[in-house]
Structures are given as C-alpha cells and as structure tokens.
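Colleague: Please read through the structure below; I'll follow up with questions.
The values are calculated or read from the model by the stated rules, or taken from the named source; none is laboratory data. Computed from a predicted model, the values in this text were never measured in an experiment. Please note that ligands, DNA and RNA were not included when accessible areas were found on the heavy atoms of the full protein model with its side chains. Shrake-Rupley method; radii C 1.70, N 1.55, O 1.52, S 1.80 Å.
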Amino acid sequence: AFASDLCVTVDDVTKGTVDMSNATAAGLFDIGDGEVLYAKNVHEKLNPASITKVLTALLVLEHAKLTDTVTYSKTAVTNLESGAVTLQLQEGDKVSVKDSLYGLMLKSANEVANGLAEHVGGSLKGFSDMMNAKAKELGCTNSNFVNPNGLNNSEHYTTARDMARITAEAFKNETFREITSTASYKFPATKAAKARTISMGHKMIYKSNASYYSGI
C-alpha cells in the first residue's frame, strides 16, 4: 500500500488489523498472479506525488547506463515548487546516473528527477512522453504523467491499479530492487554540499524499527 507515512503489510489488510476506510483509494495486489486482495476506488484518478519516481527510475534503468554522467541544467534545478525536497544540486553539477538514482529513490530529490529525465528524454516534455508510452505499454488506462517527480499538476495523475502495474514492472529490475532496499548511501560532493550520507525514509527497511518487515 502506498502512502507517505503508512506501512501496511498483507497480513494487516487481509486480517483487518489496519483500517483502510479513510483512504481515498487503496489496492493490494498479488503481482505474481494478479489476484486482487483488497480494493477501494482502485480506478480513481489521483495525484501520485513522489511515487511517480518509481516510473522515473524504471525508465532511467531501461535507457541509461549507471556509469553515465548527468549534467544538471538550470531548468532541472530551478523548475521546482516551494518546499520541494532537494539535494541542493546546482546548475552545472555532474553526478553519475547511479548516484542520481540513489538520490532519487532514497531522498526523493525532485531536481534529481528532473536531471535524470533530461538526461534520458532530452527534455522534461520528452521524458513525460516516454512515461506515458511506458504506462500504456504496461496496461495503464487511467494515467497521465507530465513530470518525472510528482510535483503538483492537475494533468498529472494515476490510479492505485495503474500504479501497481508500474511498480510490479519496476520490481522485476534487479538494480531497482537493490536501490530501494538500501537503508543508506554515500552521495558524492556537489557544488553546494560535501559528500553526505542519505537514508531511506521507509520504516519497514530498518530492522531496529517496529515497522520492520522481513523480506521487504
């Protein structure tokens, strides 16, 4: 189940120990056989916010080498809304695709999403076109992506069902699984900051946390 501050397991939902009644939309799907274990408004169009980056990472992994260098443009680092999470990258910073992907998935850095999108798609619009083509390829029928990070836009939306299709495809990628199960990573120095350790925000990753889930 996807939420910014909610960790839900299969047992939680199927045993009724988590009340999903307040969720606008929620779905729990077996990605092996497609069985629907729980569904509420799974075809309702909603803004996916930062889980947009699952699709962004998938496309980057399919179209770029980890050793490639991303050169961050002025557009990438300034085309952000107030309060957007960033790694303080500046115009002209050069960061490898691998390091950028860790910044994308662990820190949810929005300018990193932009830089990766420009690197792969040539422009934010070009990458959005790739996102929509990939979503259609995966059978998504109620989605439209206009940016690589999920920042607010009325034309940027998906559904719980479509997001499950996208995420299932992403988890087939070994590198995606490795990145998203990493608790912390040393991000390199950039113009504005020294090398620093970035950490995954997902509580279920950490064995010391009460929300830890074996196998996550």
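Colleague: Give me the aspartates and glutamates in straight-line cross-link reach of Lys125: C-alpha distance below 12 Å, same-chain residues under 8 apart excluded.
Modeller: none
Colleague: If I compute solvent accessible area with a 1.4 Å probe over the protein chains, what percent of it on the stretch 27-80 is carbon and sulfur?
Modeller: 50
Colleague: What's the angle, to the nearest 10 degrees (0 to 90), between helix 110-121's Cα axis and the longest principal axis of the chain?
Modeller: It is inclined by approximately 80 degrees.
Colleague: Any idea what angle helix 160-170 forms with the longest principal axis of the chain, computed on alpha-carbon atoms, 0 to 90 degrees, nearest 10?
Modeller: Tilt relative to the chain: about 60 degrees.
Colleague: Right, here's the next one. For the chain, with every protein chain kept in place, what is the accessible area per residue (1.4 Å probe, Å²)?
Modeller: 51
Colleague: Rg/Rh for the chain: what does it come to with C-alpha atoms and Rh from Kirkwood?
Modeller: Rg divided by Rh gives 0.96.
Colleague: In µm²/s, what is D for the stretch 110-212 at 10 °C and 1.306 mPa s, where D = kT/(6 pi eta Rh) by Stokes-Einstein and Rh is the Kirkwood radius from Cα pairs?
Modeller: It comes out at roughly 101 µm²/s.
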